[in-house]
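Presented below is the structure to which this report refers.
The values are calculated or read from the model by the stated rules, or taken from the named source; none is laboratory data. Since this is a predicted model, take the numbers as computed values, not measurements. Cβ coordinates were reconstructed from backbone atoms using ideal geometry, including for glycine residues, and neighbour counts include every protein chain displayed.
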Amino acid sequence: MRSTKLTGKKLSDQEIKAETALIEQKSKDPVVRAVIRSIAALLVALSGLMLFADKAIDIELDNTYGFKSTKTFIWVLSQSASPMLLMLGAIFRPWRMAYAIPCYIYTIQVIWVFSPEILLDDWILHLYAAGATAFFVVLIAVSDYGIRKAKLERSKRIMLLESLVEAAFKIKRGRSDGRD
């Protein structure tokens, strides 16, 4: 038996099943699903936005854990935490367009790796990032279309094969009954 953390009361199997059924019912509610997806989209967006934490936070730490500066420490920490936040958001199926934000910001990060002298307010930087993001959005849309089309074709083939097998059994059954 499971106990609730708030009351310490033991739950019976019947109460656990009722609780699980209520959770399943709520998870199918379109409003609840939209809220969950919106929160997931926020997590995905934050995973990209947190990469600029070193630019937004202007503090100096006494202990930078071996890094040259507080900004470097914050940058490395955000680089490490960002993918984890992205994965956490992805679990809850966010709106797909939310992935454009981390894609845009990761593109900027990659450009900075090779050209650190480029400033954040450089319009070319944003043009490249927007172009790369648009490319990935189109790539995902085309891939999704192809996958859906392939699944539909597979489903049609399976239905056709099922109807052929069913027709073959009817013909065989008719012949075995003495009907030719």
I need a count of the residues in the stretch 126-177 that are small (Gly, Ala, Ser) and farther than 24 Å from PHE114 by Cβ. 10
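Can you name the residue in the stretch 125-157 that is aromatic (Phe, Trp, Tyr) and in contact with a helix residue (DSSP H, G or I) (Cβ under 8 Å, 6 or more places away or on another chain) and is also farthest from ILE105 (Cα to Cα) among such residues?
Taking the stretch 125-157 as the starting set, the residues that turn out to be aromatic (Phe, Trp, Tyr) are 128, 135-136, 145.
Next cut, in contact with a helix residue (DSSP H, G or I) (Cβ under 8 Å, 6 or more places away or on another chain) only: 128, 136.
Working: TYR128: 11, PHE136: 13 Å.
Only one residue fits best here, namely PHE136.
Does ILE118 meet the test of being over 25 Å from LEU46 (Cβ atoms), without any contact (Cβ under 8 Å) to a residue 12 or more places away in the chain and either not charged (D, E, K, R) or not assigned by TED's automatic domain parsing to the domain that holds MET50 (or both)? So that I can check it myself, show each step before the final result.
Working: over 25 Å from LEU46 (Cβ atoms): no; without any contact (Cβ under 8 Å) to a residue 12 or more places away in the chain: yes; either not charged (D, E, K, R) or not assigned by TED's automatic domain parsing to the domain that holds MET50 (or both): yes.
Considered against the rule, which asks whether it is over 25 Å from LEU46 (Cβ atoms), without any contact (Cβ under 8 Å) to a residue 12 or more places away in the chain and either not charged (D, E, K, R) or not assigned by TED's automatic domain parsing to the domain that holds MET50 (or both), ILE118 comes out as no.
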Any chance you could count how many residues in the stretch 123-161 are surrounded by 14 or more Cβ atoms within 10 Å (Cβ to Cβ), farther than 19 Å from ARG96 by Cβ and of a type outside the set (A, V, I, L, M)? 2
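Taking PHE169 as the residue in question, decide whether it is within 27 Å of LEU43 (Cα to Cα), of a type in the set (Phe, Trp, Tyr) and surrounded by 10 or more Cβ atoms within 10 Å (Cβ to Cβ).
Numbers: within 27 Å of LEU43 (Cα to Cα): no; of a type in the set (Phe, Trp, Tyr): yes; surrounded by 10 or more Cβ atoms within 10 Å (Cβ to Cβ): yes.
So PHE169 does not fit the description; no.
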Test: residue in the stretch 25-34 that is at pLDDT 80 or above, among the β-branched types (Val, Ile, Thr) and either in contact with a Ser or Thr (Cβ under 6 Å, 6 or more places away or on another chain) or farther than 30 Å from ILE108 by Cβ (or both): yes
